[in-house]
Amino acid sequence: MLIVTGTKRSGTSMWMQILIAAGFPYVGEPFSGRWEQTIKAANPDGFFESHLRRGIYYKTNPNPKTGAYLFPEQVTHHAVKVFIPGLVRSDRAYITRVIATVREWREYEASIRRLYAMEDDARRRDGKPELVPLRMPGALEWWGENFALVRDIAVRRYPVHVQSYEGLLADPEKIIREVVRWIGRGDADAAIAAVKPENRTQFRPPSDTVEPEIAAVFDEFYAALHAGKGLGAPLLERLNQTNEIVAPRIAHWQRRLAEDSRRRRARKAELARARKAAGLAPEPETDGDHDE
């Protein structure tokens, strides 16, 4: 499959829109569940996500709801969005090519905060403030996922094009024509027309989530990816040293998030039992929020 990957809010939806405009078949839909009512403002042209955003592996293929199975040879040129944690767990047989998009970490932090605020407002309007989840600081999530991406590329060596979000917006014609040539098919002109720079809402706001010396390494990491350079040995050493500092913080947050997830599942079960006792129909299933 043609896998579009990255963190959330890194340009993955825009790349799906580009590939769809170029004529590639795809897996996903513009708005899952209630997203058109709750978070459309975050991406008015659609997210194009599916259950495969969590990975193409035994828990998602066959489809747990329909039983439909995707054979690798049937979906070689299908575009699909798979966020970085899902890519890392995806079966190698399904990875034809990967387009990885990366966004500057401060922009990511601000953008994901805006998206989550929309989801949380929807929960509160529904009278369920207790279901508002705990979340990891955006800068830590950005680091953990992009570091995992670089490691996965190095280990599994699939064909990949790593592209910065701001680089694409600065020169969409050059970048998209390069990518279409790399894939070997697709309508580049139609794909270029799908890019809408006006949808960008964040421009490197300040952040104090991590201390200055850690932020400096984050900046260096992003600058290398943005420039399309390889990660030389000195930079890789700094990245590994930084990860030794940051990884325990991420692990700490992951434990807190796991506990919070258990709390919310229990509360959802209580609400479902209350609805049943009151003779109300179960609430319709959705494909989940971005934090789930």
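The values are calculated or read from the model by the stated rules, or taken from the named source; none is laboratory data. Please read all numbers here as calculations on a predicted model, not as lab measurements. A quick note on method: Cβ atoms are made from the backbone with ideal geometry, for glycine too, and the neighbour counts reach across all protein chains shown. For accessibility, only protein heavy atoms count, side chains too; no ligands or nucleic acids. Shrake-Rupley method; radii C 1.70, N 1.55, O 1.52, S 1.80 Å.
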> So, in nm, how far is label K276 from label E211 when the simple model puts each one 7 Å beyond its Cα toward the Cβ?
Replying inline: 5.1 nm
> With a sphere of radius 9 Å drawn around the Cβ of Y158, what net charge do the other residues whose Cβ falls strictly inside it have (Lys, Arg +1; Asp, Glu -1)?
Replying inline: +3
> Averaged over all directions, how much area does the convex hull of the C-alpha atoms of region 104-172 cover when projected, in nm²?
Replying inline: 6.6 nm²
> Hey, which of these cross-link pairs are over 31 Å Cα-Cα: K81/K268; K196/K229; K40/K268; K59/K229?
Replying inline: K59/K229
> On the accessible surface of the chain, probed at 1.4 Å, how many percent belong to carbon and sulfur atoms?
Replying inline: 53 percent
>> Quick check: net charge around T60, other residues with Cβ under 11 Å of its Cβ, Lys/Arg +1 and Asp/Glu -1?
In response: +4
> When the dipole is taken about the Cα centre of region 145-288, and only Lys, Arg (+1) and Asp, Glu (-1) are charged at their Cβ, what size is it in debye, to the nearest 20?
Replying inline: 880 debye
> How much of the DSSP beta bridge set in the chain is antiparallel, as a percent to the nearest 5?
Replying inline: 5 percent
>> Going by average Cβ density within 10 Å per residue, which order do the peptides 104-111, 211-218, 68-75 take, highest to lowest?
In response: 104-111, 211-218, 68-75
>> For V102, what residues show an amide H to amide H distance below 5 Å, using hydrogens built from the backbone and excluding near sequence neighbours?
In response: Q163, S164, Y165
> What Rg and what Dmax come out for region 151-266 when only alpha-carbon atoms are used, in angstroms?
Replying inline: 18.6, 50
> Using the heavy atoms of the protein chains alone and a 1.4 angstrom probe, what is the accessible area of the chain per residue in square angstrom?
Replying inline: 48 Å²
>> If I model region 1-156 as equal point scatterers sitting on the Cα atoms and use the Debye formula, what is log10 I(q)/I(0) at q = 0.11, 0.15, 0.18 Å⁻¹?
In response: -0.45, -0.85, -1.19
> Relative to the present Cα-Cα distance, how much length would full extension add between L257 and D219 at 0.36 nm per residue of separation?
Replying inline: 11.0 nm
>> As I understand it, the dipole of the chain uses +1 on the Cβ of Lys and Arg and -1 on the Cβ of Asp and Glu, about the Cα centre. Which of F48, G279, G86 lies farthest toward its positive end?
In response: G279
>> What's the magnitude of the charge dipole for the chain around its Cα centre, counting Lys and Arg as +1 and Asp and Glu as -1 at the beta-carbon? Answer in Debye, nearest 20.
In response: 940 debye
>> Quick test of the membrane-span-like rule: which DSSP H helices of the chain reach at least 18 Å along their long axis (C-alpha atoms) with mean Kyte hydropathy at least -0.5?
In response: 138-156, 212-227
